[in-house]
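The values are calculated or read from the model by the stated rules, or taken from the named source; none is laboratory data. Keep in mind it's a predicted model, so treat the numbers as computed, not measured. Cβ placement follows ideal geometry from the backbone for every residue including glycine, while neighbour counts extend to all protein chains displayed. Areas reflect the complete protein model, heavy atoms only, side chains present, ligands, DNA and RNA absent. Shrake-Rupley method; radii C 1.70, N 1.55, O 1.52, S 1.80 Å.
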Amino acid sequence: MGTYYSLGIISEFVAESEKILTQAEWEQLLTKRLDLSLFQLTIHDNKIYGSLYPEIFKENIKDFYQILKEIAGPNRSENIDYYEKKFGSNLDDYQYSETVLFVEGSDGSLIKIGVRFALLFVEGKVSVEIFNTEPHLINWLFRNSKIENKLAGCVISEIV
């Protein structure tokens, strides 16, 4: 066992605020990190729960893997190929991990977002146990890139 770098797709999340927020307020805060149209949403008290629509994953994962292989280049896509072939297009077949993201609320408070994500690939044993900035950077880069694939709206990187 070890500590490895991973890239994944957020399949579920729960965000919690110190105060009760409207759906519009939640959307304004969370859109910085997630494309909320990809998730079935439920708001209860001061929390919002999201679950990725399974058909979004199934319909977009093959093309998303192709995009990852193009980004990585032909000499570095073997690991990505392996995970694509092993796990396919059924979200339930993937390995999962969990992590936490934070966004700043309108009043300056921190909103905690607990996420569960499907591991698209794992590579490279690393000697760090946690990154605080890098997952936010990768999430933002995919979210704000010109990638024409819905899954770009819920990418995360993490150490697992």
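Quick notes
- Residues located in the range 87-101, provided they are under 16 Å from V160 (Cβ atoms) and open to solvent by 100 Å² or more (accessible area, probe 1.4 Å): E98
- Identity of the residue in the range 15-40, open to solvent by 50 Å² or more (accessible area, probe 1.4 Å) and under 16 Å from the mean Cα position of the chain (by Cα), that ends up modelled with the lowest pLDDT: K32
- When the range 1-14 is filtered for residues that are open to solvent by 40 Å² or more (accessible area, probe 1.4 Å) and under 22 Å from I61 (Cβ atoms), the ones remaining, listed by number, are Y4, Y5, E12.
- Residues of the range 24-49 classified as out of contact with any helix residue (DSSP H, G or I) (no Cβ under 6 Å at 6 or more places or on another chain), touching a residue at least 24 places away in the same chain (Cβ under 8 Å) and over 19 Å from V155 (Cβ atoms), total: 6
- Of the criteria (1) touching a residue at least 60 places away in the same chain (Cβ under 8 Å); (2) in contact with a strand residue (DSSP E or B) (Cβ under 7 Å, 6 or more places away or on another chain), which one I61 fails: (2)
- Single condition I113 does not satisfy, out of (1) open to solvent by less than 80 Å² (accessible area, probe 1.4 Å); (2) farther than 30 Å from K19 by Cβ; (3) at pLDDT 85 or above: (2)
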